[in-house]
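Following: one structure in structure tokens, then a few remarks.
Please treat every number below as a calculation from the coordinates, not as lab data. As the structure is a prediction and not an experimental result, all values here were calculated from the model. Counting neighbours? That spans all protein chains shown, and the Cβs are built from the backbone with ideal geometry, glycine included.
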Amino acid sequence: MYLMLNKPRGLVTTTSDEGGRETVYRCLTDSSLPWVSPVGRLDKASEGLLLFTNDTQWAARILDPASHLDKTYHVQINRVTDDSLLEQMRAGVVDAEETLKVKSVRVLRHGRRNSWLEIVLDEGKNRHIRRMLEALDVSVLRLVRVSIGPLELGDLKKGQYRHLTVAERDAVLNGTGCGG
């Protein structure tokens, strides 16, 4: 079983939470679904594309750091961006002895007080984007994962999920260089 969910903000990506917070499983309401696990994570304040499966080998191949599978995010920040910030993000910053940088970044749009960026990562360290921007004294107002490899969130509504097609399932693996 292979699913994609548009994770709403405020849910944790875990099966159960000792703090009683609501989990992403709240969205998987169909009782006929077999047990599926999230493939990777999105933190509580983040939203967007999250994959689920009961195929542990498929999940492991996607999560393998050697796969360098692109993940694309739309990120609203608390300032109008400039070339200097974009260059710093590309060059990388060190946080907790880890170098955090983006594969690519571009401005989607900006207003008078904030900007939306499109950020592509090909590695996923814990809270990568938030930590990197924090180190640059920039706050994240909203973070939405819009694609994983060739899979795009599209018009899937928040809290809704759908099954991946066989072609989509295989395309994600092909996007990792792992073969289908």
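A few points about this structure:
- Cleavage-rule hits, trypsin sites (Lys or Arg not before Pro), the stretch 1-44, DSSP coil, Cβ neighbours within 10 Å at most 13: Arg21
- Within the listed set Leu151, Leu117, Leu85, the Gaussian network model of the chain (springs between alpha-carbon atoms below 10 Å) gives the highest mean-square fluctuation for Leu85.
- Neighbour-count ranking [beta-carbon atoms within 10 angstrom, fewest first] of Tyr25, Tyr73: Tyr25, Tyr73
- Top positive-direction residue, dipole computed over the stretch 20-169 with Cβ charges, set Pro38, Thr56, Tyr25: Tyr25
- This ranking places Ser115, Ser32, Ser139 by how few other beta-carbon atoms lie within 10 Å of each, fewest first, which gives Ser32, Ser139, Ser115.
- Ignoring lysines fewer than eight residues from Lys157 along the same chain, the ones with Cα atoms less than 18 angstrom from its Cα are Lys7, Lys44.
- Counting only Cβ charges, +1 for Lys and Arg and -1 for Asp and Glu, the dipole size of the chain around its Cα centre is about 600 debye.
- Measuring r between the beta carbons of Ala45 and Ala171 and using R0 = 35 Å, the FRET efficiency lands at 0.75.
- Once the C-beta distance of Ser37 and Asp122 is scaled by a Förster radius of 22 Å, the resulting FRET efficiency is 0.45 to the nearest 0.05.
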